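J.: Quick one: the structure is below, and I'll ask about it shortly.
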Amino acid sequence: MALLTMEGVTQRFGGLTAVDALDFTIEAGSIVAMIGPNGAGKSTAFNLITGIYTPSAGRIAFAGTDITGWATSRIAALGIARTFQNIRLFGFMSAIDNVLTGEHARLHANLVDSLLHTPRQRAEEGAARERALAMLAFVGLEDAVESYARNLAYGVQRRLEIGRALASEPKLLLLDEPAAGMNPSEKRDLVALIRKIRDRGITVFLIEHDMALVMEISERITVLDHGEKIAEGDPAQVRSDPKVIEAYLGSPA
Amino acid sequence: MDVFFQQLINGLSLGGIYALIALGYTMVYGIIELINFAHGDVYTLGTFFSLAILTLLGVDSVVHGPALIGVLAVTILGAMILCGLTGVIIERLAYRRLRNAPKLAPLITAIGMSFILENLMLYWRGPSPVPFPQVIPNPQFALGAVTIQAKQIIVVLLAVVLMVVLQTFVYNTRLGKAMRATAQDKDAAQLMGIDINTTIALTFLIGSALAGAAGFVSGMYYGSTWFFNGFGAGLKAFTAAVLGGIGNLAGAMLGGFLIGLIEAMTTQFISDQWSNVVVFSVLVLVLIFRPSGLLGESLPNKV
Amino acid sequence: MRLIAPLTARLPPALRTPRAGTALAFAAALALPFIGRNGAFTNFLADAGAFVLLALGLNIVVGFAGLLDLGYAAFFAIGSYSYAMLASPQFGIHLPFWVLLFVASAIAAIFGILLGAPTLRLRGDYLAIVTLGFGEIVPQTFLNLSQWTGGPNGIGSLDQPVLFGYRFGFNPLPYYLMVLGLIALAAWLANNLRTSRLGRAWMAIREDELAAAHMGINTTSTKLAAFAMGASFSGLAGCALASKLQLVSPDQFMFNVSVFVLAMLVLGGMGNIPGVIVGSLILSALERFILPQTTNFMHNVGLNVDLTNSRFLIYGVILVTMMLFRPEGLIPSRQRKAELHAGQADRRAAAAEGELLTEVIH
Ligand SMILES: Nc1ncnc2c1ncn2[C@@H]1O[C@H](COP(=O)(O)OP(=O)(O)O)[C@@H](O)[C@H]1O
Ligand SMILES: [Mg+2]
């Protein structure tokens, strides 16, 4: 079943068409990637999916629901989580508070609970904390529970951002250049982590420049250039597509 | 109907003053995204500086002939220079250090600067309104039942002339282009070799100088001022800047005249007491329904 | 906390916990008027207490959620006028004080929502100016609607609270004890909020609104909650002070009151409850004792300066110098301190590496 469908999605910024009539589907349970030169419109596609922008044209559906024009918070609560190309952790919150914030949509404490710390609220917070600790262990941050996010090493921040996203128990996880700035050993860990995430039943959609990583991990790859989809298929098909080769040679990324 | 046209004239002249102040708000906001709350007080300072210069020149009544031109030129330029320098000093002392701090920080210092300026003016000129001499002969022209005073024409003319000079500067000179580049993307501008600090200081210099000109005009127009004058005028001028589209020079001008008109019409047709309430309601409505203003283009924010 | 560290270090460990510190502070506050045994001092404590309540409320908006509200006095006005209209000869309505405490808070909260709902979508700096405008409109409106509000004279002869048949009357002591109780309640509630799902959401919004929205946080309604909670605290303060002064008038709620309360937060430490309380007390003491007495002293040594006229200048100087040199306040929260110094640290790092901080944001 298609988890995410984009139909003719277009985003214009003034005179610039950053994403041009993009048609695209993601099957549930898969790992898929989007590649393309810098400025191709990949991050903008993510921003459209998470509702930062409302598309100039086209529609986006998630798990059978039309989410075009929805607010970001509603889309997130429905089950799409993401990381950002330039990490956007809550720098002055501890690692565990970052993850707890990720759980926000799964918690139920209302204003009165929060004001009075009702027994219900305390029980919920206790359980949330347990889950958050488990999540930190899952992404390998068991030693940094109370550190401020901004004080963590770069690669660790990337993993924390993934943990924060997972805390919302998403169906679809969007990763924008997760391997950027990582060394080879960190990249290997990342590949393993992404596989573990998929094994939890979460669909993973990533943007990545590291071709080796993309080819190794993805089941399907979409290639974007100047906002348009120029190729799509499994790694072998994409690798041998002349249009893809030209796009990469034509504009060194 | 006559009343309407009379208020149209009054509103336009009020608007000329707001427009000049609004230009400073919009320039500073355009370049460092800061609401410079102290800007309204720099405008009041402009009136007091003008007054001080007139006193130095020994002028306390109407001047005629060529001497008038001289007096006007010295007073206006003097007020502009002094206010411009005040603006630069404020930026250097209170805002520059906080350029990378969380947004809240410079906003709070801006409020603090506004309080400091107001209270320094309170020390300087006391709590009551201070009269401003009539320097300019003020013949009145009757158009049917509508009277136009010479000083009203001067306000509007001066605002428009300064606006044209400013536009020419910003679009046709190297420094102006540096300002626009910095406003658009500080990092890129810096990479192109533009000195960000100088450019921002220049922006404060020009914006505050315009407030100085507005200060002179306001003294001439109202015949008095007091230390707290800039608070309300500043808020209205900021509303004007938002109404026109913040960051947009022509928009600030348009917004200024519109706010002047709205204020004049409210005073005439509703009541003086409600004019502030109406202007702020306009601010809220614009921000809600068209935050990019009348002339601003609405692009999604960079993420 | 660093300020009192030398004192607390001598205490046995059991008394060094935050809870014990709070209990000690509360006991001291309770004892204060009985030690002082001075009507004027108790009177000061009661008035200052109302401003502590205001500071605690504004701290939710500015300190927790990071929203600059420059019209906070408007909510104080609404709370006070609510009490005045419902407990005075003005309309012949005389509802009990204790009921009005809740009613006035609720009315103030509702106005917080009414103002916030359309404006909280705006960027932070626009919000500042809109609240500033609102802060101008509200007292102006109370001034203009004189047939209901008494115009510039305000409303007088407000009812005094009665507790189990005991009339508060003109003795400041019962007012002080009541305000102290309200402060304890407000501080407890504020601290609960801080350490809850809602408090985390506020922090997240303060740090990165867009990222917060990606956590499923409805940023508008979360900010609204901050506005409403902050406003409701000012309703408590409004009732307390109005019933004590037995008078409300528009000039009690002008812009400088909003800045006064903001200066309390900036001085004490935005986001930190003990800091905010201390900052508030310092500024109240400055107004009531320090400036007049220094002025007296100056006169006695032959200097003719009236420092009581410089209050607003001093607030301005506090706002600017604190933000420039100690933005986290005298008694900071750990987190705020780190946050507010980050800009400088970034710059230092950039200078050290000799490279530009050009972060390409796509
Ligand atoms: N908010 C925006 N406003 C204007 N232009 C934008 C905005 N966001 C992205 N762009 C432009 O859209 C194009 C695509 O950007 P992006 O999606 O970030 O590319 P990629 O992630 O593939 O490198 C670029 O030219 C970029 O400058
Ligand atoms: Mg990108």
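The values are calculated or read from the model by the stated rules, or taken from the named source; none is laboratory data. The shown structure was predicted, so the numbers you read here are calculated from the model rather than taken from an experiment. Positions of Cβ are backbone-derived with ideal geometry, glycine not excepted, and every protein chain shown enters the neighbour counts. The area values use the complete protein model at the heavy-atom level, side chains included, leaving out ligands, DNA and RNA. Shrake-Rupley method; radii C 1.70, N 1.55, O 1.52, S 1.80 Å.
Conditions tested, residue by residue: (1) within 25 Å of A:G8 (Cβ to Cβ); (2) surrounded by 15 or more Cβ atoms within 10 Å (Cβ to Cβ); (3) within 14 Å of ligand 1 (Cβ to nearest atom); (4) away from chain C (no Cβ under 14 Å).
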position	(1), (2), (3), (4)
A:L206	yes, yes, yes, yes
A:A212	no, no, no, yes
A:S218	yes, yes, no, yes
A:V223	yes, yes, yes, yes
A:G227	yes, yes, yes, no
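J.: For the range A:179-194, give me each residue that is open to solvent by 60 Å² or more (accessible area, probe 1.4 Å) and either free of Cβ contacts under 8 Å to residues at least 40 places away in the same chain or within 16 Å of ligand 1 (Cβ to nearest atom) (or both).
T.: A:G181, A:N183, A:P184, A:R188
Conditions tested, residue by residue: (1) within 14 Å of another protein chain (Cβ to nearest Cβ); (2) open to solvent by 60 Å² or more (accessible area, probe 1.4 Å); (3) away from ligand 2 (no atom under 16 Å from the Cβ).
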| site | (1), (2), (3) |
| --- | --- |
| A:E142 | no, yes, yes |
| A:N151 | yes, yes, yes |
| A:A165 | yes, no, yes |
| A:L172 | yes, no, yes |
| A:E177 | yes, no, no |
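J.: While we're looking at this one, here's another question. Please state which one of A:D20, A:D113 is over 17 Å from the mean Cα position of the chain (by Cα) and open to solvent by 20 Å² or more (accessible area, probe 1.4 Å).
T.: So the residue among A:D20, A:D113 that is over 17 Å from the mean Cα position of the chain (by Cα) and open to solvent by 20 Å² or more (accessible area, probe 1.4 Å) is A:D20.
J.: Scanning the range B:31-65 for residues that are among the hydroxyl-bearing types (S, T, Y) and in contact (Cβ under 8 Å) with a residue 40 or more places away in the chain, which turns out farthest from B:M113 (Cα to Cα)?
T.: B:S61
J.: Still on this structure, I have one more. Which condition number in (1) open to solvent by 20 Å² or more (accessible area, probe 1.4 Å); (2) among the β-branched types (V, I, T); (3) free of Cβ contacts under 8 Å to residues at least 60 places away in the same chain is the one that C:I277 fails?
T.: So the condition that C:I277 fails would be (3).
J.: Further question: Inside the range C:142-213, counting only helices (runs of 4 or more DSSP H) that do not spill past its ends, which hold 1 or more residues that are within 22 Å of the chain's Cα centre (by Cα) and buried (at least 23 other Cβ atoms within 10 Å of the Cβ)?
T.: Output list reads C:172-194, C:197-207.
J.: Something else: Hey, among B:A264, B:A241, B:A233, B:A237, which residue is more than 14 Å from chain C (Cβ to nearest Cβ) and closer than 14 Å to B:G15 by Cα?
T.: Checking each option against the conditions leaves just B:A264.
J.: Which of the residues spanning the range C:220-230 are without any contact (Cβ under 8 Å) to a residue 40 or more places away in the chain and either more than 21 Å from the chain's Cα centre (by Cα) or more than 9 Å from chain A (Cβ to nearest Cβ) (or both)?
T.: Answer for the range C:220-230, where residues must be without any contact (Cβ under 8 Å) to a residue 40 or more places away in the chain and either more than 21 Å from the chain's Cα centre (by Cα) or more than 9 Å from chain A (Cβ to nearest Cβ) (or both): just C:S221.
J.: Additional query: Report, by residue number, each residue of the range A:41-93 that is among the polar types (S, T, N, Q) and away from ligand 2 (no atom under 16 Å from the Cβ).
T.: Result: A:T54, A:S56, A:T65, A:T68, A:T72, A:S73.
J.: If only one of A:A45, A:A76, A:A28, A:A63 is closer than 18 Å to A:E169 by Cβ and either within 10 Å of ligand 1 (Cβ to nearest atom) or open to solvent by 50 Å² or more (accessible area, probe 1.4 Å) (or both), which one is it?
T.: A:A28
J.: List every residue pair whose Cβ atoms sit under 9 Å apart, with the two residues 6 or more apart in sequence or on different chains, where the first one lies in the range A:211-228 and is in a strand (DSSP E or B) and the second, anywhere, is surrounded by fewer than 17 Cβ atoms within 10 Å (Cβ to Cβ) and basic (K, R).
T.: Matching pairs, first to second residue: A:I221/A:R239; A:V223/A:K243; A:D225/A:K243.
J.: A:N38 - would you say it is open to solvent by less than 50 Å² (accessible area, probe 1.4 Å), within 14 Å of chain C (Cβ to nearest Cβ) and within 15 Å of ligand 2 (Cβ to nearest atom)?
T.: The answer is no for A:N38.
J.: In addition: Within the range A:78-105, count every residue that is part of a helix (DSSP H, G or I), in contact with a Ser or Thr (Cβ under 8 Å, 6 or more places away or on another chain) and within 8 Å of chain C (Cβ to nearest Cβ).
T.: 3
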